[in-house]
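Here the structure comes first, spelled out in structure tokens, and everything after it is commentary.
The values are calculated or read from the model by the stated rules, or taken from the named source; none is laboratory data. Since this is a predicted model, take the numbers as computed values, not measurements. Counting neighbours? That spans all protein chains shown, and the Cβs are built from the backbone with ideal geometry, glycine included. For the accessible areas, the whole protein counts, side chains as well, though only heavy atoms, and no ligand, DNA or RNA atoms are used. Shrake-Rupley method; radii C 1.70, N 1.55, O 1.52, S 1.80 Å.
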Amino acid sequence: MTELPKNYDPSSAAELYKFWLDKGYFHAEVDPSREKYSITIPPPNVTGSLHIGHALGYTIHDVLVRRKRMQGFNVLCLPGTDHAGIATQNKVEQKLAKEGLTRHDIGREKFLERVWDWKNEYGAQILNQFRTMGYSFDWDRERFTMDEGYSAAVKKAFVTLFNKGYIYRGARVINWCPRCMTAISDIEVEYKDQPSHLWHFKYPFEDGSGYVVVATTRPETMLGDTAVAVNPGDKRYEGMVGKMLRLPLVDRLIPIVADDYVDLEFGTGAVKVTPAHDPNDFEIGMRHNLEQIHVIGNDGKMTAEAGKYAGLDRDEARKQVVADIDALGLLDKIEDYSHNVGTCARCGTTIEPMLSEQWFCKMKELAGPAIEAVTSGAVKFHPDRYAKTYLEWMENVRDWCISRQLWWGHQIPVWKCEDCGKYTASEDECDSCSHCGSKNVTRETDVLDTWFSSALWPFATMGWPLSEDLLDYFYPTDVLITARDIIYLWVARMIFSSLEYRKQIPFKDVYIYATVMNEEGKRMSKSLGTGVDPLELVEKYGVDSLRFALISQAGKNQDMRFSDKRVENVRGFANKIWNASRFVIMNLEGYDGKPMDEAKLETADKWILSRLNDTVKAANKGFDNYDMDDAARAIYDFMWNEFCDWYIELAKPRLREEGEGKRNVQAVLTKVLETSMRLLHPIMPFITEEIWQAIPHEGESVMVASYPEADDSLEDKEAEAQMSVVMDLVRAVRNIRAEIGAAPSKPVPLTLICDGDKAELVKKAEVIVKSLAKVDEITFADAIAEGDKGKFMSAHFPGCDIYVPMAGLVDVEKEKERIANELKSVEKDLSKHQAKLDNEKFMSKAPEEIKQKEINIVKELTETAAKLKERLASL
RNA sequence: GGGCGAAUAGCUCAGCUGGGAGAGCGCUUCCCUUACAAGGAAGAUGUCGGGGGUUCGAGCCCCUCUUCGCCCACCA
């Protein structure tokens, strides 16, 4: 027998990970004879290392996958990383900036080299985190959204949509980030309420007959105004429609137009219209044939069209415009106003709505099947409330701006013909126009939105469009596990993409897990600086502890507030398991390794096996329903409160005996521990493997042992009821011991006045009671002599009175007070329950079972109250 | 403006289809008892956010209000 250290040391994890890896347990091959279970993990961005929020998500993957593997499924969990276009490009640009360089200084080619260097560095770092966390992903099948095969998939996808006419080039007001210098999609804009102002300007009539007051939150855009709109039904502006206004500062004549868009209730009812810099104004402009004048450039500075303001930053221009309007006496008023300002999700810069030519993807046709997939239940959300979120968006989805003016990403496979002006999309290099045959074609320099490529993830990683081998067997995947902030960005797009290109759903379940907050309740996020590196906690408390802490909090209802304290607590649990195992191992001497003799099991054995079975049931139910916190709790409670606190203690005296009794205890200890290790393995893979290897087992690794299944032949309600009596008795005696301050080492004698059946039970469990309650002698009596009653401390539970001689140790007054307090609480309880029995309606309407239960409660409480009173009187 | 979630012990949270309020941390007392002091034993602590309603019975169901958090939305 090897000596195990007293405290669990989690540092052996790396070795075990290597052992599994070498055995090839993580790798999956197509095998039609077996049932598959497949997941493609959400590829993390290669922008940096991961935080606890990510760790939660990926740990959930590993827990599900490890269990399925143990259940005999042929499991593929496919990992990889995402090039994350704009995000990664920004990171590298920031790094360049520290060297005093911009990407333009070094050029596209050199810049991309730098990004690849970055990708390799951070990709490796993430990989290291994954391995340290113990994730059993199939590293042989690792993918990257810009690897060769994947690029082929992106081209194929684009060309397919293009040729179906779903992709078009159009001029629209899009969200422009002046810092990233690219268009971004609607869902990449984050709106933030910011205190601002509503400026009211007077626009004079051309004919000098007064003015119209318009309000704006963006004064600088007035330089690009080409109309003022009013509601056609607005009495205040009756007869004014069609009249011309002279736009201040610019001196341009602009018409008053009537448009239903204008809200009668808001402001003055007159709206300045800037078609080039506001999506609504753009629409109004289209309806009224208004000119579109760009006054803000791509860099966020005013353009030549802005006249004397040209070259000013937009913020500077705002101040100037307001000052100049004021100088002209045309500033009507300034109101305080809280404004919802759009900012770039990647860099936080205020978005500039900008009229721009971009590539768009039509969404209407794609959305139809994607809606159907969820309403029909083919794709299920967990928790299901997210289906609503998804559908809401999908049903109102707008065309998707897919082009980005970036360098890092998939260059759009479209060539423009310089002769006929038409576009040709092609998966291969294109040297001639498909419309006129001209050789004078040039490739689009824009890249695709990074989500265009990640939308293909589940099937592109399995070989699409080059090979069907993996897809035939492993696709669709079983579940997608992700955070809720990318339901639109990613989940939705994978669903419609898979339906479009494969005519299949990409996954059956979508499991949305909790958002991890730090202790202050702030969302954990790298960009917010609130992220915590999981490896720090691993270093401090061990991987298994971190994994368990995360999983035990992964409830469906709430986001989780994460603190070290929780992990520290789990470390205690790991240590508890470790030491329980040490105890078992130390006591296996002479054990032949054979299973227990069922005919000779004692009540305690039957009890723990019944409890174990219950735990197996609860754990499986939890995992099956994605209620992993329930599973974790069930195992934790069982192992600590039942196995360690009771069964091991119960086993001790029996282990000191020799023969059949001892052998059976050894067998039961082994069985319970071995089963528990298999049960817990998905959550705490390392400690369970280490222990499992050290106790009698079959097979080469717990990782590939079978996952426990409920065995109802182990259920034994009678044993559970009997054990609960014994446990009550032990607790009662311990309570008394604590009250009288009996030293733990000093045994006390015990006198019991019990009903016949209870007495039988206690007699059977005599050894146990003596050992657990530190009792040296148990006397069964019919009564205590009246005069002697004051010499005892007593306790009572249904069917049994307990007396412990107190040998003058106790303060009678104090004891009276204690009993009086207890009596008070019992009587309070009693009156509550008695009231139910006194209620005719309860008696006539409540189910028989409930009535019986209440009757029993009242009976018990009445008896207890009587005993307490009697006791009080005797003191 | 719409939607979703949350409000339970000092703190972080469980509480399944309504039927005697729970865990962990923290706190009090005792204990280094040969598995474990990263531990053990025994305790104290709650108008289950407020107000209505349904029911024999509500932490749980319905209505309403309040306070937080998160999404979505073109109100200048």
Some residue of the stretch A:105-121 being open to solvent by less than 50 Å² (accessible area, probe 1.4 Å) and acidic (D, E): no
Single residue of A:D31, A:D62 found to be open to solvent by less than 10 Å² (accessible area, probe 1.4 Å) and among the charged types (D, E, K, R): A:D62
Inter-residue pairs, beta-carbon under 6 Å, first free of Cβ contacts under 8 Å to residues at least 12 places away in the same chain and in the stretch A:569-587, second open to solvent by 40 Å² or more (accessible area, probe 1.4 Å), 6+ apart: none
Single unsatisfied condition, A:A276 versus (1) of a type in the set (A, V, I, L, M); (2) closer than 29 Å to A:D186 by Cα; (3) not in a loop (DSSP other than H, G, I, E, B): (3)
Contacts under 6 angstrom Cβ, first residue in the stretch A:12-24 being under 20 Å from A:N74 (Cα atoms), partner modelled with pLDDT of 95 or more and of a type in the set (A, V, I, L, M), 6 or more apart: A:W20/A:M703
Cβ pairs under 8 Å, 6+ apart, first in the stretch A:386-409 and more than 14 Å from A:R169 (Cβ to Cβ) and within 11 Å of RNA strand B (Cβ to nearest atom), second among the hydroxyl-bearing types (S, T, Y) and part of a helix (DSSP H, G or I): A:Y390/A:Y488; A:L391/A:T375; A:W393/A:Y488
From the options A:K828, A:K836, A:K851, residue that is open to solvent by 90 Å² or more (accessible area, probe 1.4 Å), farther than 30 Å from A:A743 by Cα and either of a type in the set (D, E) or within 13 Å of RNA strand B (Cβ to nearest atom) (or both): A:K828
Tally of residues being within 14 Å of RNA strand B (Cβ to nearest atom) and assigned to a strand (DSSP E or B) across the stretch A:282-303: 0
Top-ranked residue of the stretch A:239-281 - restricted to ones that are away from RNA strand B (no atom under 14 Å from the Cβ) and among the charged types (D, E, K, R), ranked as least open to solvent (accessible area, probe 1.4 Å): A:R252
Conditions (1) open to solvent by less than 30 Å² (accessible area, probe 1.4 Å); (2) under 24 Å from A:I635 (Cβ atoms); (3) away from RNA strand B (no atom under 16 Å from the Cβ); (4) not in a loop (DSSP other than H, G, I, E, B); number of the one not met by A:S713: (1)
Filter result (over 17 Å from A:T530 (Cβ atoms), near RNA strand B (Cβ under 8 Å from one of its atoms) and surrounded by 15 or more Cβ atoms within 10 Å (Cβ to Cβ)) within the stretch A:554-565: A:G555, A:K556
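Being in a helix (DSSP H, G or I) and farther than 13 Å from A:I577 by Cα is true for just one of A:D630, A:D637. Which residue is that?
Working: A:D637 fails: farther than 13 Å from A:I577 by Cα.
The unique qualifying residue is A:D630.
So that you can scan it fast, the table gives a plain yes or no per residue for (1) within 16 Å of RNA strand B (Cβ to nearest atom); (2) in a helix (DSSP H, G or I); (3) out of contact with any helix residue (DSSP H, G or I) (no Cβ under 8 Å at 6 or more places or on another chain):
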{"residue": "A:H104", "(1), (2), (3)": "no, yes, yes"}
{"residue": "A:G123", "(1), (2), (3)": "no, yes, yes"}
{"residue": "A:G149", "(1), (2), (3)": "no, yes, no"}
{"residue": "A:D193", "(1), (2), (3)": "yes, no, yes"}
{"residue": "A:H197", "(1), (2), (3)": "yes, no, yes"}
Conditions (1) in contact with a Pro (Cβ under 8 Å, 6 or more places away or on another chain); (2) more than 16 Å from RNA strand B (Cβ to nearest atom); (3) among the hydrophobic types (A, V, I, L, M, F, W, C): number failed by A:W359: (1)
Given (1) closer than 22 Å to A:F266 by Cβ; (2) surrounded by 21 or more Cβ atoms within 10 Å (Cβ to Cβ); (3) in contact with an Asp or Glu (Cβ under 6 Å, 6 or more places away or on another chain), index of the condition A:H200 fails: (2)
Failed condition for A:A373, given (1) surrounded by 17 or more Cβ atoms within 10 Å (Cβ to Cβ); (2) over 25 Å from the mean Cα position of the chain (by Cα): (2)
Residue under evaluation A:K746, criteria (1) within 16 Å of RNA strand B (Cβ to nearest atom); (2) under 35 Å from the mean Cα position of the chain (by Cα); (3) assigned to a loop (DSSP other than H, G, I, E, B); (4) not aromatic (F, W, Y), criterion not met: (2)
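For the subset of the stretch A:808-825 comprising residues that are touching a residue at least 60 places away in the same chain (Cβ under 8 Å) and not acidic (D, E), which member is surrounded by the most Cβ atoms within 10 Å (Cβ to Cβ)?
At the first step, the residues of the stretch A:808-825 found to be touching a residue at least 60 places away in the same chain (Cβ under 8 Å) are A:809-810, A:812, A:815, A:818.
Now restrict to residues that are not acidic (D, E): A:809-810, A:812, A:818.
Values: A:L809: 11, A:V810: 18, A:V812: 11, A:R818: 14.
In this case the residue turns out to be A:V810.
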Answer residue from the stretch A:203-238, given it is part of a loop (DSSP other than H, G, I, E, B) and buried (at least 18 other Cβ atoms within 10 Å of the Cβ) and is farthest from RNA strand B (Cβ to nearest atom) among those: A:T226
Residues located in the stretch A:435-447, provided they are surrounded by fewer than 24 Cβ atoms within 10 Å (Cβ to Cβ) and on the phi < 0 side of the Ramachandran plot: A:H435, A:C436, A:S438, A:K439, A:N440, A:V441, A:T442, A:R443, A:E444, A:T445, A:D446
Scan of the stretch A:2-48 for residues that are farther than 21 Å from A:V543 by Cβ and within 16 Å of RNA strand B (Cβ to nearest atom), ordered by number: A:T2, A:E3
Residue match in the stretch A:492-513 (condition: within 16 Å of RNA strand B (Cβ to nearest atom) and out of contact with any Phe, Trp or Tyr (no Cβ under 7 Å at 6 or more places or on another chain)): yes
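Looking for whichever is under 22 Å from A:E642 (Cβ atoms), away from RNA strand B (no atom under 16 Å from the Cβ) and assigned to a helix (DSSP H, G or I) here; the options are A:A732, A:A719. Which one fits? Quick ask: steps written out before the conclusion?
Numbers: A:A732 fails: away from RNA strand B (no atom under 16 Å from the Cβ).
After ruling out the rest, the residue left standing is A:A719.
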Counted residues, the stretch A:87-101 - those being within 22 Å of A:L456 (Cβ to Cβ) and either assigned to a loop (DSSP other than H, G, I, E, B) or touching a Leu at 6+ places or on another chain (Cβ under 6 Å) (or both): 1
Any pair with Cβ under 8 angstrom, 6 or more apart, that starts in the stretch A:776-790 at a residue that is open to solvent by 30 Å² or more (accessible area, probe 1.4 Å) and ends at one that is among the charged types (D, E, K, R) and modelled with pLDDT of 85 or more: A:D776/A:K770; A:F780/A:K763
Residues being outside any helix (DSSP H, G or I) and either open to solvent by 40 Å² or more (accessible area, probe 1.4 Å) or within 7 Å of RNA strand B (Cβ to nearest atom) (or both) - total across the stretch A:566-594: 6
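Of everything in the stretch A:302-311, what is open to solvent by less than 50 Å² (accessible area, probe 1.4 Å) and out of contact with any Leu (no Cβ under 8 Å at 6 or more places or on another chain)? Give them in sequence order. Working first, answer last.
Initially, the stretch A:302-311 is screened for residues open to solvent by less than 50 Å² (accessible area, probe 1.4 Å), giving A:302-303, A:306-307, A:309-311.
Hits for the stretch A:302-311 are A:T303, A:A310, A:G311.
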